[in-house]
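Worksheet for the structure shown next.
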Amino acid sequence: MKKQIAFLFFLISISAVRAQTGDKAHFGIHGNIGLPVGEFRETVNNSFGGTGWGGGLNLLINPKKGGIYSPVLIGFESNYMNLGTDKTPESVYLPQLKTSFNYFNVGPMIRAMLSNKEEGIIPFIDGFIGMKILNTKTKIDNDLVDTLLDQEYVESLLSTNYEGIGYGVGLGFFKRKLKSDAMQATGSFFMKIMYQYGDRVNYVKRGSIEVDQEGFITYDTGRTQTSMVMVQAGFLIR
């Protein structure tokens with residue numbers, strides 16, 4: 001009986017040592033697909049089904065020193081998505097205009113790993129809070145001929161930014177590979193689905209950008225919630 005207890009204690013000790021080794025950091029770069037829901041889907045209302053497309057990155061570090069295992073990493077994430085474009089017809093004062101509608105967010109993030117095994121599929125949960133921005137940028141709609149003749153107009157005529165606080169909760173996974181050296185970096189595919197929500201913010205209404213009789217660019221604004229499901233897929237280095 002004593003031998004069995006001693007052996008059990010040995011196994012527990014080995015498991016504890018194994019659990020003390022952990023990732024120093026996670027660096028991820030990914031593509032984004034945004035699926036607005038509710039009111040925000042009607043606000044986006046673009047030609048590709050009301051979705052957003054873009055990319056982002058995140059960096060999370062182990063808060064414990066010396067390579068000690070931590071199931072929690074802390075850091076930040078930043079994302080960009082294009083929500084479509086509008087065209088404003090040529091006027092007496094300006095050629096045809098093109099306006100892009102964009103979404104940005106950036107802020108601190110925390111990641112909790114749901115498994116401490118040294119290799120295999122590792123599920124995780126992310127929590128995010130930070131700034132979100134609905135941006136529009138209006139410029140001359142240069143065509144290929146203008147570009148080839150080097151006769152492009154001013155890059156940007158109008159830019160708007162409307163900010164708010166955003167929150168997010170996500171569930172994802174990556175494949176952990178066994179390291180032969182603690183200092184060795186390994187990479188793997190990762191995927192995450194995150195639900196984002198937060199403050200209602202102002203925005204420029206689609207189809208409202210015009211050039212008035214005095215040559216000024218005018219537009220209408222509204223106010224919307226920004227709830228969406230964001231699907232991320234990319235490459236993680238740890």
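The values are calculated or read from the model by the stated rules, or taken from the named source; none is laboratory data. Everything numeric here is computed off the predicted structure, so don't read it as measured data. Cβ: placed from backbone, ideal geometry, glycine included. Neighbour counts: every protein chain shown. In case anyone asks, the SASA skips ligands and DNA or RNA and just uses the protein heavy atoms, side chains included. Shrake-Rupley method; radii C 1.70, N 1.55, O 1.52, S 1.80 Å.
Listed values, structure above:
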item: Residue selected from the stretch 57-97 under the condition open to solvent by less than 50 Å² (accessible area, probe 1.4 Å) and part of a loop (DSSP other than H, G, I, E, B), by the criterion modelled with the highest pLDDT; result: N62
item: Pick from the stretch 98-109, criterion closer than 24 Å to G31 by Cα and more than 14 Å from the chain's Cα centre (by Cα), ranking: surrounded by the fewest Cβ atoms within 10 Å (Cβ to Cβ); result: S100
item: Subset of the stretch 103-117 [hydrophobic (A, V, I, L, M, F, W, C) and either assigned to a strand (DSSP E or B) or touching a Cys at 6+ places or on another chain (Cβ under 9 Å) (or both)]; result: F104, V106, M109, I110, A112, M113
item: Selection count where residues are modelled with pLDDT of 95 or more, in a strand (DSSP E or B) and farther than 21 Å from W53 by Cβ, scope the stretch 195-217; result: 1
item: Among the candidates V154, V169, residue that is among the hydrophobic types (A, V, I, L, M, F, W, C), modelled with pLDDT under 90 and surrounded by fewer than 14 Cβ atoms within 10 Å (Cβ to Cβ); result: V154
item: Test: residue in the stretch 228-237 that is of a type outside the set (F, W, Y), open to solvent by 20 Å² or more (accessible area, probe 1.4 Å) and outside any strand (DSSP E or B); result: no
item: Test: E39 is touching a Ser or Thr at 6+ places or on another chain (Cβ under 7 Å), charged (D, E, K, R) and open to solvent by less than 80 Å² (accessible area, probe 1.4 Å); result: yes
item: Counted residues, the stretch 203-223 - those being closer than 14 Å to E42 by Cα and of a type outside the set (S, T, Y); result: 6
item: Residue match in the stretch 210-219 (condition: open to solvent by less than 30 Å² (accessible area, probe 1.4 Å), closer than 30 Å to F27 by Cβ and not aliphatic (A, V, I, L, M)); result: no
